[in-house]
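The values are calculated or read from the model by the stated rules, or taken from the named source; none is laboratory data. The structure presented is a predicted model; accordingly, all values stated were derived computationally and were not measured. Using ideal geometry, Cβ is built from the backbone for each residue, glycine included, and neighbour counts are taken over all protein chains shown. The accessibility values were calculated without ligands, DNA or RNA, using every heavy atom of the protein model including side chains. Shrake-Rupley method; radii C 1.70, N 1.55, O 1.52, S 1.80 Å.
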Amino acid sequence: MGLSDRLHLPSFGGATEWLNSEPLGPAELRDRVVLVNFWTLTCINWLRTEPYVRAWSQAYRDDGLIVIGVHTPEFSFEHEVDRIRPAVAARGIDYPVAVDNDYGVWTAFDNHYWPALYFVDRDGVIRDHHFGEGRYEQSERVIQQLLGIERDLVDVEGFGPEAEADWDHLRTPETYLGYGRGANFASPDGAALDEPRNYRLPESLRLNHWALTGQWTIGSERAVLDQAGGSIAYRFHARDGHLVLSPGAHEPIPFRVLLDGEPPGLSHGTDTDENGDGLLREGRLYQLVREHDAVRDRTLEITFDAPGTEAYALTFG
C-alpha cells in the first residue's frame with residue numbers, strides 16, 4: 001500500500017524502544033503538527049539534513065510542532081541501542097526518537113529511504129513527504145503552513161560531516177565494502193567471499209575503484225581485518241571522504257590516513273589530525289578527509305594498527 005492509499009499517520013507501535021520520550025501514540029499527538037524523520041546513524045545523507053530538522057524542532061515546538069525521529073538501522077551494529085544513544089547525544093537531538101530495530105514503523109509507513117520526512121497535520125493526515133537531501137526551504141514552508149504561521153526561515157549551517165556536500169565537484173558515489181552490494185573492487189585475483197585472504201594493491205587504481213592490502217575477510221555486509229597493518233585504498237574525486245567503521249567487540253583501534261601517500265595536513269577530516277592519525281572507538285561514520293585545496297582525483301589510504309576493524313561503506317561529499 002502506497003502513501004497515497006494511506007494518508008493517515010500510521011502507528012508507532014512497532015518501535016522497540018523510545019529515547020528522549022515515553023512512547024507516543026494518537027492521544028499524545030492529538031492536535032499537534034508532526035514531522036516524522038527516518039534516519040540511521042551512519043547515513044551521510046541524514047547527517048547533512050539533521051541540522052535543518054534539529055533547527056525546525058527548536059524553532060517551532062512552541063507553535064505546536066513535534067518532531068519524531070525514527071531510527072531504523074541499515075547495518076547490523078546499528079541495532080544496538082548503546083550505539084544509538086551516543087549518536088543522539090553527539091547531534092544534540094532532544095526530540096523523541098523511536099528505535100525501530102524490527103522495521104515495524106518503517107513497514108507501517110511503507111518507507112524505503114534514509115532520510116525520509118513525513119509532514120502530518122493536526123488531524124493526523126500526512127500532507128507532504130520528502131526523501132533524501134535538499135528542498136529545505138519548501139519543507140520549512142510546509143511546516144509553517146501546517147502550523148498556520150508565516151515568518152522568516154531559520155538560519156541553518158552544518159559543520160563537520162553535517163556540512164552540505166560540495167555537489168559541484170562530487171564525482172565519486174557511495175561504495176559498499178561487503179560483497180552483498182559492493183562494486184569496483186580492484187585487488188588482484190578478486191575477492192574471496194566469507195573467508196580470509198591476503199590482498200594487495202593493483203599497480204594503479206582507477207577513479208572510483210578500491211582495493212585492500214593485508215589479510216581481510218569480506219562478508220556480505222562488511223570487510224573485517226584479520227591481521228594488524230591492513231589497509232583500504234580508494235581513488236576518489238570529492239571534497240569529503242568518510243568511512244563507516246566499527247571496532248566490533250575490540251578495544252579502540254588506531255588508524256592512519258594518507259592522501260596520495262602523504263599525511264593529509266590541512267585536508268584532514270574531523271576524525272583525523274594533520275598527520276592523518278585517528279582512533280576507531282565506536283561504530284559510526286568517520287570523516288577522514290576534507291579537501292583544503294582544489295578538489296581533484298586523490299588516492300585515500302587508511303591503515304589500521306590492530307585486527308578487528310569492521311569496514312562497511314565509503315561515502316563522499
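Relative contact order (percent) for the range 69-177, with alpha-carbon contacts under 8 angstrom and 6 or more residues of separation?
On the way: 69 pairs, mean separation 17.8, N = 109.
Reported as a whole number, the value is 16 percent.
Between A192 and E17, with labels modelled 7 Å along Cα→Cβ, what's the label distance in nm to one decimal, could you check?
Each label point lies 7 Å from its Cα, and together they span 3.7 nm.
Report, in debye and to the nearest 20, how large the dipole of the chain comes out about its Cα centre when Lys and Arg carry +1 and Asp and Glu carry -1 on their Cβ. Don't jump to the answer; show the numbers that get you there.
Values: 28 positive and 52 negative charges, 86 e Å.
Its charge dipole is roughly 420 debye.
With the dipole of the range 121-231 worked out from charges on the C-beta (+1 for Lys and Arg, -1 for Asp and Glu) around the Cα centre, which of S187, I149, H129 lies farthest toward the positive end?
Ranked along the dipole, the leading option is S187.
Ordered by residue, what ³J(HN,Hα) values in Hz, to whole numbers, does the range 208-220 give under the Karplus form 6.51 cos²θ - 1.76 cosθ + 1.60, where θ = phi - 60° and Gly and Pro are x?
Taking θ as phi minus 60°, the curve returns 6, 10, 9, 8, 10, 10, x, 8, 10, 10, 8, x, 4 Hz for the range 208-220.
Compute the orientation-averaged projected area for the range 247-317 from the convex hull of its Cα atoms and round it to one decimal in nm².
On the way: hull surface 18.5 nm².
For the Cα atoms of the range 247-317, the hull's average projected area reads 4.6 nm².
Where Rh denotes the Kirkwood radius from the mean inverse Cα pair distance, what is Rg over Rh for the chain? Can you show the working numbers first?
Details: Rg = 20.8 Å, Rh = 20.7 Å.
We get a ratio of 1.00 for the chain.
For the range 1-160, just run the numbers: alpha carbon Rg, then divide by 2.2 N^0.38 Å, N being how many residues it has.
Details: Rg = 14.5 Å, N = 160, 2.2 N^0.38 = 15.1 Å.
Scaled against compact globular proteins, the figure is 0.96.
Using the alpha carbons of the range 176-317, what is the convex hull volume per residue in cubic angstrom, as a whole number?
Values: hull volume 13.0 nm³, N = 142.
About 92 Å³ per residue, rounded to a whole number.
Using 0.36 nm per residue, how much length does the chain from T217 to S76 gain when fully extended, once their Cα-Cα distance is taken away?
On the way: separation 141, 0.36 × 141 = 50.76 nm, distance 1.66 nm.
Full extension of this stretch gives 49.1 nm more.
If you build the Cα gyration tensor of the range 67-109 and take the root of 5 times each eigenvalue, what three semi-axes come out, in whole angstrom, biggest first?
Details: eigenvalues 59, 39, 8 Å².
After scaling each eigenvalue by five and taking roots: 17, 14, 6 Å.
What full-extension length gain, to one decimal in nm, is calculated for E274 and F159 as 0.36 nm per residue of separation minus the Cα-Cα distance?
Details: separation 115, 0.36 × 115 = 41.40 nm, distance 1.82 nm.
Additional length available on full extension: 39.6 nm.
Probe radius 1.4 Å, ligands and nucleic acids left out: which of L146, L177, L266 has the largest accessible area, and how do the rest follow? All intermediate terms of the calculation are to be shown ahead of the outcome.
Values: L146 30, L177 0, L266 110 Å².
The ordering from most to least exposed comes out as L266, L146, L177.
Using a simple spin-label model with points 7 Å from Cα along the Cα→Cβ vector, what separation in nm is obtained for E251 and Q138?
Inter-label distance under the simple model: 5.3 nm.
Heads up, I need the accessible area for I93: 1.4 angstrom probe, whole protein in place, Å², nearest 10.
Solvent-accessible area, nearest 10 Å²: 10 Å².
Using the Kirkwood radius built from alpha carbon pairs, what does the Stokes-Einstein equation give as D for the range 1-77 at 4 °C and 1.567 mPa s, in µm² per second?
Details: Rh = 14.1 Å.
So the translational diffusion coefficient is about 92 µm²/s.
If you count only protein heavy atoms with a 1.4 Å probe, what accessible area per residue comes out for the range 211-317, rounded to a whole Å²? Write down the numbers at each step before the final one.
Working: 3680 Å² over 107 residues.
Counting only protein heavy atoms, the per-residue value for the range 211-317 is 34 Å².
Report ³J(HN,Hα) in whole Hz for each residue of the range 92-104, in order, from the Karplus equation J = 6.51 cos²θ - 1.76 cosθ + 1.60 where θ = phi - 60°; Gly and Pro get x.
Going residue by residue, I get x, 7, 10, 8, x, 10, 8, 7, 10, 4, 9, 6, x Hz, with x marking Gly and Pro.
Using modelled amide H (1.01 Å from N, peptide plane; none on Pro or chain starts), what sits under 5 Å from the amide H of R284, excluding residues fewer than 5 places away?
Result for R284 returns L245.
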